[in-house]
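Structure, as structure tokens:
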Amino acid sequence: MRYVSTRGSAPVLGFADVVLAGLANDGGLYVPESWPTLASHLGATYPELAAGVFAPYVGDDIAADTMLRLCREAYATFRHPDVVPIVDLEPGHHLMELFHGPTLAFKDVALQLLGRLFDHILTERQQKVTIVGATSGDTGSAAIDGVKDCANINIVILYPEGRVSEVQRRQMTTVNSPNVRTVAIDGTFDDCQDLVKAMFNHAEFREAQNLSAVNSINWARVMAQVVYYVEATRRVGGPIDVTVPTGNFGNVLSGWIAKQMGAPLRRLIVASNDNDILTRFFNSHTMDVTGVHPTLSPSMDIQVSSNFERLLFEMNNRDGAMTATQLSRFRDKGKLVVEPDQFDQWITPTFAAGRASDHDTLSAIRSVYENTGMLIDPHTAVGVKVAREFAEHGVPMLTMATAHPAKFPDAVERATGERPVLPEHLADLLDRPEHTTHLPNDLAAVEAFVASHNG
């Protein structure tokens, strides 16, 4: 499989090169030249399923037996035999628990694998990279856990100061590995994401530091998430509706890709918090930036959804120049309008969207606890609230449970009176010493920091 940039002017690359590159050198995101069809016979276990889904995307870049080994190693870190178990929430409504990995968030599903992909490719090529990433809460800790102590990788993670939960922050800042750095930025997640993109677009700096990315701008992140949508349809049956709490659009995009590959998915329902730019777009044809508001579900406090670019590229019939022009205008004016015929062809048949306020979020947490005894985190609660609105009789509904409730204990306790407890392997997290650096929202300062710790 070969990969092209959504902006049309970057070199066409193979899988391994795309993993290491992260962002294309024209500022675009890499996508496969075509969408393959799911094989008729996929493995019984989750690692076997994953290796089967990945096979057409990886091609000859990594041997099939090696890829299966990497999948088995990655998912052996999860604390549930099913890796991503499904539980019943209410009649016709299921939760897929994506938080049984080391850092208790859905990001582990991709990043436990991505860390091993990086290490394998770099070892074969005798290369080293510096990973820079931005996080709204969960990507950072999952990425760090995936690559900590890797001899071929230095990692620097930017996070917005005061805009992640204490557990999320400490999962990053308490890691004491020589190749790990965390940076608290005076700004929002969008500011952190802009800094990362600016470093990648600064060609001289990118080359000098040999930068790579683990955010969902990296194709392998999105690819790995496709698997659990396929698994959901195997276990629940199909066609099914899936509700996804989302901010950066990577998770729901993976569902769209699974559907392109032939998985029996009917609708993908985008669930937003008060930062509802995606919901407003799906209901109006217009993406209009209004500013970021802190909420009880901080990982979704995002305005500029990077992965929407991959869908926009498809909507533009893979015209990279058109996509680049639209995104440049969006960056300048804060508004993106999709033509009605594009919307009717690409959006209406597949996507729906709703939103949940903080009040709605607390109510959903409370109702799930009162009805089932289960505790859910605020991001999952956003999904549950929206899923209930869109549920149709006779169509199974599945909501992605994206984080363990103990990552957001204050919100869960506020809603239920019960304070969720961290699993045993993280029981002493709040007592561990922290290591982090505070920097302004300034590209020169961040680049200087990255360069000073590259070695």
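The values are calculated or read from the model by the stated rules, or taken from the named source; none is laboratory data. What you see is a predicted model, and the numbers here were worked out from it, not measured in a lab. Here the Cβ positions follow ideal geometry from the backbone for every residue, glycine too, while neighbour counts run over all protein chains shown.
Look at ALA64 and say whether it is farther than 22 Å from ARG310 by Cα, in contact with a helix residue (DSSP H, G or I) (Cβ under 8 Å, 6 or more places away or on another chain) and buried (at least 22 other Cβ atoms within 10 Å of the Cβ). It is false that ALA64 is farther than 22 Å from ARG310 by Cα, in contact with a helix residue (DSSP H, G or I) (Cβ under 8 Å, 6 or more places away or on another chain) and buried (at least 22 other Cβ atoms within 10 Å of the Cβ). Residues that are in contact (Cβ under 8 Å) with a residue 24 or more places away in the chain, out of contact with any Lys or Arg (no Cβ under 8 Å at 6 or more places or on another chain) and in a helix (DSSP H, G or I) within region 406-424 comprise ALA406, LYS407, ASP410, ALA411, ARG414, listed in sequence order. When region 214-248 is filtered for residues that are in a loop (DSSP other than H, G, I, E, B) and crowded, with 24+ Cβ neighbours inside 10 Å, the ones remaining, listed by number, are VAL214, ASN215, SER216, ILE217, ASN218, THR246, GLY247, ASN248.
Which number in (1) assigned to a helix (DSSP H, G or I); (2) of a type in the set (A, V, I, L, M, F, W, C); (3) surrounded by 15 or more Cβ atoms within 10 Å (Cβ to Cβ) marks the one condition that LEU430 misses? In the conditions (1) assigned to a helix (DSSP H, G or I); (2) of a type in the set (A, V, I, L, M, F, W, C); (3) surrounded by 15 or more Cβ atoms within 10 Å (Cβ to Cβ), LEU430 misses (3) alone.
Is it true that SER141 is among the hydroxyl-bearing types (Ser, Thr, Tyr), within 18 Å of ASN248 (Cα to Cα) and touching a Leu at 6+ places or on another chain (Cβ under 9 Å)? Here the answer is yes, as SER141 does meet what is asked. The single condition among (1) more than 25 Å from GLN112 (Cα to Cα); (2) at pLDDT 95 or above; (3) among the hydrophobic types (A, V, I, L, M, F, W, C) that VAL183 does not meet is (1). With respect to the stated conditions, ASN275 is on the phi < 0 side of the Ramachandran plot, crowded, with 24+ Cβ neighbours inside 10 Å, in a loop (DSSP other than H, G, I, E, B) and under 22 Å from the mean Cα position of the chain (by Cα). Number of residues in region 140-168 that are in contact (Cβ under 8 Å) with a residue 60 or more places away in the chain and assigned to a helix (DSSP H, G or I): the value is 6.
Screening MET322 on (1) under 18 Å from ASN283 (Cβ atoms); (2) in a helix (DSSP H, G or I) shows it passes everything except condition (1). Here GLY354 passes the criteria (1) outside any strand (DSSP E or B); (2) in contact with an Asp or Glu (Cβ under 6 Å, 6 or more places away or on another chain); (3) under 30 Å from VAL230 (Cβ atoms) except the one numbered (1).
Take the conditions touching a residue at least 24 places away in the same chain (Cβ under 8 Å) and closer than 25 Å to VAL395 by Cα and apply them to PRO264. Does it pass? When the stated conditions are applied, PRO264 passes them.
When you check GLY137 against the structure, is it buried (at least 24 other Cβ atoms within 10 Å of the Cβ), touching a residue at least 24 places away in the same chain (Cβ under 8 Å) and either part of a loop (DSSP other than H, G, I, E, B) or hydrophobic (A, V, I, L, M, F, W, C) (or both), yes or no?
Here the answer is yes, as GLY137 does meet what is asked.
Only a single item in (1) modelled with pLDDT of 90 or more; (2) more than 28 Å from ILE365 (Cβ to Cβ); (3) of a type outside the set (Gly, Ala, Ser) is not met by VAL270, and it is number (2).
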